[in-house]
1. Could you check how many residues of the range 93-119 are in contact (Cβ under 8 Å) with a residue 12 or more places away in the chain and surrounded by fewer than 20 Cβ atoms within 10 Å (Cβ to Cβ)?
2. Of all residues in the range 72-82, which are under 17 Å from residue 38 (Cβ atoms) and modelled with pLDDT under 85?
3. Can you find a residue in the range 343-364 that is modelled with pLDDT of 90 or more and part of a strand (DSSP E or B)?
4. For residue 218, state whether it is touching a helix residue (DSSP H, G or I) at 6+ places or on another chain (Cβ under 8 Å) and aliphatic (A, V, I, L, M).
5. Regarding the range 140-147, can at least one residue be identified that is modelled with pLDDT under 90, part of a helix (DSSP H, G or I), polar (S, T, N, Q) and closer than 24 Å to residue 82 by Cα?
6. If you check every pair at least six apart or on different chains, which have Cβ atoms under 6 Å apart with a residue in the range 356-381 that is under 18 Å from residue 339 (Cα atoms) first and a residue that is not hydrophobic (A, V, I, L, M, F, W, C) and not in a helix (DSSP H, G or I) second?
7. Since residue 41 meets every condition but one in (1) free of Cβ contacts under 8 Å to residues at least 12 places away in the same chain; (2) surrounded by 14 or more Cβ atoms within 10 Å (Cβ to Cβ), which condition does it not meet?
8. Scanning the range 185-202 for residues that are part of a helix (DSSP H, G or I) and β-branched (Val, Ile, Thr), which turns out farthest from the chain's Cα centre (by Cα)?
Amino acid sequence: MIRRSDFLLVFMLLMLFVSPSLFGGVNSMTKAIVSQGELKLFFAEPLEQQKIKHFTLPNPHRQVYDFIDTRLAHNRVPLGLGNHIRIAQNNATTVRVVIESRSPFKPIAYQPLFAKTAYHISLPKNSTHIHKGSSLAQQAYAKPQAQKTTSRRHTELIVIDPGHGGHDSGAIAGGKKEKELVLAISKKVEKQLKKRGYPVYLTRESDRFLKLDERTRIADRKDAKVFISIHANSIDKSKQDKMEGIETFFLQNTRDERAKRIAARENEAVLKGTDHVSKHVIIDSVLSGPKIVESNKLAIDIHKRMIANAKTLYRDVKDGGVRHAPFYVLVGASRPSVLIEVGYISHPKERQRLFTTEYQNILAKGIAEGIENYLFNRRKEIDF
């Protein structure tokens, strides 16, 4: 027979195990997604209602939620939510969520039944349009904010680096050359960005080769906000029917054999034109990881928009993900920088797509939208 005292002891131990936050612990926000017209937040521990503070701010209209005794589990939590939602570590123990809207609205915030570690907040009706990440997102706010955003765009130079060129053709398959593909896509990215009001500079506009230090020196000399190097992937004939997909890389050492193989292929080409740069210095720079965090954010924004756009044409587009690897072409850039592999030129089906104007346009649009989202979100962080 179980004694009452034993039952109470078991109950107390159970409560301690399932809900440490009840005893003064610091919770963590692990995930945030937009789904079915709601912002859905997820936490490591059950939430306490008294530790959620809600208030509003005018001009522009904002709904603010402070989660007390909470920390962001990692720096990817706030990413990919659209331009009207911001999440940040407001202070050491408070996570702040801000939802911006064109006009005042009354959100419905609640904990789903039997989901004590989740919290849902309804979004304004116009949020679906804002979330698409196009230039309309920046026009959705009051005129002073829109004017401020537009004026900043004109000073945010973007350097696009079409890989290879000249004697270096890059990957070749089916009679097609990587250097020609990436130059065509880069020019389309330039066009997309200029339509949005951004100044753009291409490291090459014709079929010429650039040394490693020349590519990144351009970005530094012109004080570019971001540096984007565009490439196409390839693999040996034994695997050419298996490997396909879009991949986006930022600079960092890796143990991933596939990422190292891709980096080695690109590095071999770019180092041929580098006779005075020490390989050891390059490797040391990789280990120091300049702008790694910001480059990671930039890579995520670009990759998400590229995949979303590509799938509007081909639902079977393979998502190779955002990855890190020691690409030497990114080492010298002292600003957020990514390398995009737009697909496998060695894969027959993907190669055919890559060399169509329609697919190149849709990829370029995705890259431009991703860059715009990144820059817009960075401005919001500064103004937060």
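1. Number of matching residues: 15.
2. Listed by number, the residues that qualify are 80, 82.
3. yes
4. No; evaluated as a whole, the condition is false for this residue.
5. There is at least one residue in the range 140-147 that is modelled with pLDDT under 90, part of a helix (DSSP H, G or I), polar (S, T, N, Q) and closer than 24 Å to residue 82 by Cα.
6. 369/133; 372/196; 373/133; 375/156
7. The failed condition is (1).
8. 185
The values are calculated or read from the model by the stated rules, or taken from the named source; none is laboratory data. Everything quoted here is computed from the prediction, not taken from an experiment. Positions of Cβ are backbone-derived with ideal geometry, glycine not excepted, and every protein chain shown enters the neighbour counts.
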